[in-house]
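What follows is one structure encoded as C-alpha cells, with my remarks underneath.
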Number of protein chains: 2
Amino acid sequence: MSVRSKGLDFSEGRLVQVLSNKIASLQILLENSENGQALTQLIKGLYPSEIAYLLQHLEEEQRRKCVLWMKSQFDAEILLFLSPSLRKEVVDLFDISELSRILMHLESDDVLSILRDLDAIHYQKALNDFPPEKSRFFLERLRYPQCTASSLMQSEVLIFPDHWKVIQALEHMRSYHTPRFYDVFVVDDERRFLGSIELSTFVKCQEEDLLSEVMTRSVHAIPMDWRQDEITFMFRLYELISAPVIDKDARIIGVITVDDVMRVIEDKVAEDFMHLGGIHASDFHKTVSKTSLGRLNWLLITVIDAVLTSLVIHFFEKVLHFKQGLIVLMPIAAAMGGNSGIQAATVAIRALATKELNTLNSVRFLWKEVSVSCFNGSLLGVGLGGLAFLWFKDIRVALVLGGAVLFNMLWAGIAGTLFPMIIARLSGDPALSSGPLLTTTTDVFGYGLFLGLSYFIFKF
Amino acid sequence: MSVRSKGLDFSEGRLVQVLSNKIASLQILLENSENGQALTQLIKGLYPSEIAYLLQHLEEEQRRKCVLWMKSQFDAEILLFLSPSLRKEVVDLFDISELSRILMHLESDDVLSILRDLDAIHYQKALNDFPPEKSRFFLERLRYPQCTASSLMQSEVLIFPDHWKVIQALEHMRSYHTPRFYDVFVVDDERRFLGSIELSTFVKCQEEDLLSEVMTRSVHAIPMDWRQDEITFMFRLYELISAPVIDKDARIIGVITVDDVMRVIEDKVAEDFMHLGGIHASDFHKTVSKTSLGRLNWLLITVIDAVLTSLVIHFFEKVLHFKQGLIVLMPIAAAMGGNSGIQAATVAIRALATKELNTLNSVRFLWKEVSVSCFNGSLLGVGLGGLAFLWFKDIRVALVLGGAVLFNMLWAGIAGTLFPMIIARLSGDPALSSGPLLTTTTDVFGYGLFLGLSYFIFKF
C-alpha cells in the first residue's frame, strides 16, 4: 500500500536508484515526441524540486526540449531548486512577459532571488509586467544591500497586536491565505516587535488567552542590516526555525526562515571548499569553454609561481654546480612546505567561518600553529635529512635538506595562519588566500632555502 | 527599551563585539575568585548555547575553572553546542553519576549523541545510573547502526490515530508535556504512518475536523535504515522541517527535525573541506602534540611523494646532463598538473556530495574534464613553451616544457575526475582521495614526463 498521491515513490528502492530510473524514463519519453501525453502525466505527478533535479541530469538539448514542452504549465518554483547556472539557462528560454506571469505565484523573497539573477534591462522589463504596487515593492527591495537580512527575508509575515486574544489570531489565520509559518510574532500598535510564540506552544493556548501573556519576550530579532554570517550564527546559536527582521525602530518588516539559512550555510561552506580547491564556484553544469576560462586565473597564478621558482633555480644555477645529488632533492622542501601550509590554512579558514577564531584568540592560535610547525618540521627535517645522508653519504647534503624542510615548514605554518586572518581582517574571503598565495610563497621559499643553504654549506 | 529577559543583548552592538565583551567580562570574573556571585549571575542570565560559545573561547585552565564553578547547576544542553573535542574535555570533568544526573533532562537523541562520545566502559557505567527501562532503551538505540535515520532520530514523537478529531489531538497536546514539534503525524491503529499535517495548517482546522480528512497523504517518511546523505537529500528536496522515521512495517518509531539535518549537512561539507586541505577533522581546539601527530599522516604521504620524485630525477640524472636550462624548468609541469588536478577533483567531490554527479552522467563529466584539460593544457603548454623559447633560445627546451605541461594537465584532469568517482564507488570518502593520491601522481608524472621528454628530444 502506498500513501503517495504525488511525487516520487521511494518505497520502490534506494533513493538514488529511484531518481535514476525516473531520469531514464524521462529521457525515453523526450526521445519520441509522440509520447506527449505520457510526458505531461509524468511531469504533473512530480514536485517542482523533483522536476528541477531531473532537469539537472538531462543533457542541454534534452533539457531545452523538456522545458519548452512544460512551458504553458511551468511552475516557477522549479527555478528555485536549480543551480544558478542552470537557472539562467532555463530562464533564458522564456520571454519576459511569460517570465513575469509565472513569477507572480511565488513568495516575495523567491521572486527577488530570481530577479537578481537577471541583468538590469531584463528585470526592468519583467517588473513592468507586474501590477504597479508590486513592481514598486520589488524595485525598492532590489535596492537593499545584498547578503543582508533585508535581502534574505520574505516580506509576507504574520504579526498580531499584543492586546489580541488567541482566538482573534486564530480567526485571522483562518480567513486569510498565509504561507507556511513556524512562529507567531507579537507587536505593539506601532508594529514594533514585542515577543514571539512557537507554533507548538500556540496550539496549546486557550482561546481566551491574551497574546501578550503567552508570548516569550526573550527572543531575538534580526536587524535589517545584519550580514549573512551574523544571521546564520544567530540561527545556529539559538536553533531558530524562523526569526523576525526589524528596522531601525524595531518594527517588523519581514521574516527569515530556517530553509533560507540552511541554503546560506551550505553555500558558504561549499564556496570555501571550492576556493580551497582553486575554483571560483562549482562549474559542474558549465560548458567546456566557460569551465576552462574560469579555471585559468588560478592556473595563471601557478604560472607566475612556476616562473618565480625557475628564476630562483636560475639564480643559483650559475654559482652552484648541483653536485652530490642536490638536484635530486631540490623539490622536497617546497612540497613539504606547501602541504603543511595548506593544512594550517584549512583549519584557520574554517575556524574563521564558524567564528571560533577571532581577535581574542588569534595570537594563541598563531603561537600554536608555530609550535606545530616546529614539531613536525623538526621531525620531518631530521627524518628526511637522515634519508639523504643514507643515500648520498654526505652530511652537508643532509644538513641542507633538513634545514630547508624545517624552515620552510615553519614559514608555511606562519603564512598559513596569518594570510587567512589578514585577508579576513581586510574583509576579503580568507578561503581565496590559501591556495595560490600560499603555494607561491612556499614554493619560492622552498627552493630558495634549499639552494641558498646549499650555497653556504658547500661554498664555505 | 529592551525586550530581553535572558541571553545576550545584541542591541548593544555588532554580534561579534557583544560576544567578545562578554568573554572579556567572564575572564575577569574568573581571575578573581571572590567574584563568585557575579559569576553565577552572569551564567544564569545566558542560554546554554551562549555559555558553550563562551567556554570555547576560554583557555583550557579558565574553562576548567568555569565548568567546575557551574557544576552543581550545569545544564547538559551546553554539551550539545560544544565542538566534539571540547565536549570530551568538559565531560571528563564530571564523574559518571553526576553525568547521568545532568543527562537525565535531555531529549533522547541528545543523550545518545553524548553517550556515543564516551568509551564503552564509561557509557556502560553512565547507563547503570539511569532508570532500568531508560537504560534498556538507550542500550538498544546505541546498537543501531551509526549515521542512519535510526541513530539520528529522536524517539519522542507526537502521533495521532486517523479517526481522532482535531479537538482530541489538541486536548492531548495540552495535557502532556511535549518537546517542540512542527508537524502532526497521523497513523492507523497499528501505528503505521498515513499522512501529516503542517502545524500552520493544523491551527487553522476546525475542532470537529477528522484528522484523516485534513492530513496530506503525499508526504515522505524516512525508512530507519536510510543513510545520512539520503536523509539530507530528502530534506533539501522537499524543504522539510520534520519527517517521521518508520520501521519495516511503516510504523512510526521517531522523528528527524531540520536542526539535526542542518548539523549533518554542515558537518559533511566541513569534513570534505578539511579532507581537501589534508586535515582529518578540525584540530582548532586540540593541543599542539595532538595537532602535530594528527597532521603527520598526510605529511608522510608527501614524504613518499618527495622520495618518489627524487628517484625519478635520480633515474634521469645519470643519462641526462641537465644542460640548456632544463634544471631551471624542471618543477613547472608538476606544479601545473597538481593544481589543475585539484580543481577537477574539487568539482567532482562537491558534485558527488550533492548527488549531482552519479553513474548516469559520469562519462559525460569525465569527457568534459578531459576537454577542459586539453584546452587549458594546450594554452598553457604553448604559453610556457613560448616563454622557455624566449629565455633559452632553444626550440627543444620549449618542446619539452610545453609537452610535459600539456600531458601532465591531461593526466591531472583524468585522475582528478576518476579518483573521487572510484573511491565513492568503493564507498570511501572521495574528499580523502584528492589531496595526497592526486598530488603524488601529478608530481611523479610531471617530473617523469619532463625528464623523459628531455631524454628523447635531446638524445636523438
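The values are calculated or read from the model by the stated rules, or taken from the named source; none is laboratory data. On a predicted model such as this, the values are computed, not experimentally measured, just so you know. Cβ sites come from the backbone with ideal geometry, for glycine too, and all protein chains shown count toward neighbours.
Taking the stated definitions as given, is A:ALA281 in contact with a Phe, Trp or Tyr (Cβ under 9 Å, 6 or more places away or on another chain) and either outside the structural domain of A:PHE138 (by TED's automatic domain parsing) or acidic (Asp, Glu) (or both)?
The answer is no for A:ALA281.
Only one residue in B:TYR455, B:TYR447 is away from chain A (no Cβ under 13 Å), closer than 24 Å to A:VAL328 by Cβ and touching a residue at least 24 places away in the same chain (Cβ under 8 Å), so which one is that?
B:TYR455
Could you say which residue among B:ILE253, B:ILE222, B:ILE231 is farther than 25 Å from A:PHE233 by Cα and crowded, with 21+ Cβ neighbours inside 10 Å?
Checking each option against the conditions leaves just B:ILE222.
Has region B:351-358 got any residue that is charged (D, E, K, R), over 30 Å from A:THR309 (Cα atoms) and facing chain A (nearest Cβ under 8 Å)?
Yes, some residue in region B:351-358 is charged (D, E, K, R), over 30 Å from A:THR309 (Cα atoms) and facing chain A (nearest Cβ under 8 Å).
Return the residue satisfying two criteria in turn: it lies in region A:208-218 and is in a loop (DSSP other than H, G, I, E, B) and modelled with pLDDT of 90 or more, and of such residues it is surrounded by the fewest Cβ atoms within 10 Å (Cβ to Cβ).
Here the answer is A:GLU208.
Within region B:359-368, track down each residue that is at the interface with chain A (Cβ under 8 Å from one of its Cβ atoms), surrounded by fewer than 18 Cβ atoms within 10 Å (Cβ to Cβ) and of a type outside the set (Lys, Arg).
B:THR359, B:LEU360
Would you point out which residue out of B:GLY428, B:GLY403 is surrounded by fewer than 16 Cβ atoms within 10 Å (Cβ to Cβ) and away from chain A (no Cβ under 11 Å)?
Sole residue among the options that is surrounded by fewer than 16 Cβ atoms within 10 Å (Cβ to Cβ) and away from chain A (no Cβ under 11 Å): B:GLY428.
Condition check ((1) touching a strand residue (DSSP E or B) at 6+ places or on another chain (Cβ under 8 Å); (2) part of a strand (DSSP E or B)) across all residues:
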| site | (1), (2) |
| --- | --- |
| A:VAL186 | yes, yes |
| A:GLU190 | yes, no |
| A:SER200 | no, no |
| A:HIS220 | yes, no |
| A:ASP229 | no, no |
| A:PHE233 | no, no |
| A:LEU240 | no, no |
| A:VAL255 | yes, yes |
| A:VAL261 | no, no |
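Any residue in region A:126-151 that's touching a residue at least 40 places away in the same chain (Cβ under 8 Å): show its pairings with residues that are part of a helix (DSSP H, G or I) at Cβ separation under 6 Å, as long as the two are six or more apart or on different chains.
A:TYR144/A:SER150; A:TYR144/A:SER151; A:CYS147/A:GLN228; A:ALA149/A:ILE231
Could you tell me whether B:SER433 is within 41 Å of the chain's Cα centre (by Cα), at pLDDT below 90 and either surrounded by 22 or more Cβ atoms within 10 Å (Cβ to Cβ) or of a type in the set (Lys, Arg) (or both)?
Spelling it out, B:SER433 is indeed within 41 Å of the chain's Cα centre (by Cα), at pLDDT below 90 and either surrounded by 22 or more Cβ atoms within 10 Å (Cβ to Cβ) or of a type in the set (Lys, Arg) (or both).
For A:GLU77, are the conditions met, namely being surrounded by fewer than 17 Cβ atoms within 10 Å (Cβ to Cβ) and not small (Gly, Ala, Ser)?
Answer is no for this residue.
Can you work out which of the residues in region B:159-178 that are in contact (Cβ under 8 Å) with a residue 40 or more places away in the chain and out of contact with any Leu (no Cβ under 9 Å at 6 or more places or on another chain) is farthest from the other protein chains (Cβ to nearest Cβ)?
The extreme case among them is B:ILE159.
Would you point out which residue out of A:ILE279, A:ILE313, A:ILE304, A:ILE327 is touching a residue at least 40 places away in the same chain (Cβ under 8 Å), at the interface with another protein chain (Cβ under 7 Å from one of its Cβ atoms) and either in contact with a Ser or Thr (Cβ under 8 Å, 6 or more places away or on another chain) or not in a loop (DSSP other than H, G, I, E, B) (or both)?
Result of the check over A:ILE279, A:ILE313, A:ILE304, A:ILE327: A:ILE313.
Looking only at region B:237-249, how many residues end up being crowded, with 20+ Cβ neighbours inside 10 Å and more than 8 Å from chain A (Cβ to nearest Cβ)?
Number satisfying all stated conditions: 6.
Working carefully through the options B:ALA345, B:ALA334, find the one that is within 8 Å of another protein chain (Cβ to nearest Cβ), closer than 30 Å to B:THR232 by Cα and at pLDDT 85 or above.
Step by step, each of B:ALA345, B:ALA334 is checked, and only B:ALA345 is within 8 Å of another protein chain (Cβ to nearest Cβ), closer than 30 Å to B:THR232 by Cα and at pLDDT 85 or above.
When residues of region A:286-300 are filtered for being in contact with a Ser or Thr (Cβ under 7 Å, 6 or more places away or on another chain) and either surrounded by fewer than 15 Cβ atoms within 10 Å (Cβ to Cβ) or more than 8 Å from chain B (Cβ to nearest Cβ) (or both), how many remain?
1
Can you report the number of residues in region A:253-275 which are more than 21 Å from B:VAL261 (Cβ to Cβ) and within 12 Å of chain B (Cβ to nearest Cβ)?
2
Listed residues A:LEU82, A:LEU99, A:LEU54, A:LEU127; which is in the same structural domain as A:LEU19 (by TED's automatic domain parsing), more than 21 Å from the chain's Cα centre (by Cα) and modelled with pLDDT of 85 or more?
Matching residue, one of A:LEU82, A:LEU99, A:LEU54, A:LEU127: A:LEU54.
Just to be sure before I move on: is A:ASP267 surrounded by fewer than 18 Cβ atoms within 10 Å (Cβ to Cβ), over 30 Å from B:PRO331 (Cβ atoms) and modelled with pLDDT of 85 or more in the structure I sent?
Taking the combined requirement at face value, the residue does not satisfy it.
Out of all the residues in region A:95-116, which are closer than 19 Å to A:SER49 by Cα and not aliphatic (A, V, I, L, M)?
Of everything in region A:95-116, those that are closer than 19 Å to A:SER49 by Cα and not aliphatic (A, V, I, L, M) turn out to be A:HIS105, A:GLU107, A:SER108, A:ASP109, A:ASP110, A:SER113.
Out of curiosity, is A:ILE28 in a helix (DSSP H, G or I), aliphatic (A, V, I, L, M) and either within 12 Å of chain B (Cβ to nearest Cβ) or under 29 Å from the mean Cα position of the chain (by Cα) (or both)?
no
Restricting the first residue to region A:46-72 and requiring it to be surrounded by fewer than 20 Cβ atoms within 10 Å (Cβ to Cβ), which pairs with a second residue that is polar (S, T, N, Q) and not in a helix (DSSP H, G or I) meet a Cβ separation below 8 Å and a spacing of at least six or different chains?
Listed pairs, sorted by first residue: A:GLN56/A:SER83.
Which members of region A:9-20 meet the condition of being at pLDDT 70 or above and more than 9 Å from chain B (Cβ to nearest Cβ)?
A:ASP9, A:GLN17, A:VAL18 - these are the residues of region A:9-20 that are at pLDDT 70 or above and more than 9 Å from chain B (Cβ to nearest Cβ).
Only residues in region B:98-123 that are surrounded by fewer than 15 Cβ atoms within 10 Å (Cβ to Cβ) count as the first member; pair them with residues that are among the hydrophobic types (A, V, I, L, M, F, W, C) and assigned to a loop (DSSP other than H, G, I, E, B), Cβ under 7 angstrom, at least 6 apart or cross-chain, and list the lot.
B:HIS105/B:ALA76
Restricting to region B:369-386, and then to whatever is of a type outside the set (A, V, I, L, M, F, W, C) and in contact with a Ser or Thr (Cβ under 7 Å, 6 or more places away or on another chain), can you tell me which residue is nearest to the other protein chains (Cβ to nearest Cβ)?
B:ASN376
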